[in-house]
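**Student:** Pasting a structure here, questions to come.
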Amino acid sequence: MSDTIHIHIDRADGSLQRLIGLVERRGFHIDGFSLTDEGDMRRAAITVRGRDAGRCTQILGRQIDRLIGVSRIEPAVIQSEAA
């Protein structure tokens, strides 16, 4: 099963690299990624799937929310999708 997380992230150098690195280091595969520019911010939608059944997308969302450069995560918009 994969989940989609919607994130607002700044356009600073390295912000996307930090985001992708965090997701991968926390044990998730990135199945899809879309990015939309909104002025000085970007809106990212990341579809992730845990490497094993012990991975929790809610915990990943809280970790992303604390990441430097993330101004807002929309936890109510985490959507589960059948694999």
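**Student:** If you roll a 1.4 Å probe over the chain with all protein chains in place, what percent of the accessible area is carbon or sulfur?
**Tutor:** 47
**Student:** Now for a different question. Working out 0.36 nm times the residue gap between GLN58 and ILE30, then minus their Cα-Cα distance, what length gain in nm do you get to one decimal?
**Tutor:** Extra length available between GLN58 and ILE30 comes to 8.5 nm.
**Student:** In deg cm²/dmol and to the nearest 500, what is the mean residue ellipticity at 222 nm of the chain if only DSSP H runs of at least 4 residues count, each as -39500 (n - 2.57), divided by the residue total?
**Tutor:** -7000 deg cm²/dmol
**Student:** To the nearest 20 debye, what is the magnitude of the charge dipole of the chain about its Cα centre, counting +1 on the Cβ of each Lys and Arg and -1 on the Cβ of each Asp and Glu?
**Tutor:** Dipole of the chain, to the nearest 20 debye: 300 debye.
The values are calculated or read from the model by the stated rules, or taken from the named source; none is laboratory data. Bear in mind the structure is a predicted one, so any value in this text is a computation, not a measurement. Methodologically, a virtual Cβ is constructed for each residue, glycine included, from the backbone with ideal geometry; neighbour enumeration extends over all protein chains shown. Remember, those area values only see protein heavy atoms, side chains included, never the ligands or the DNA or RNA. Shrake-Rupley method; radii C 1.70, N 1.55, O 1.52, S 1.80 Å.
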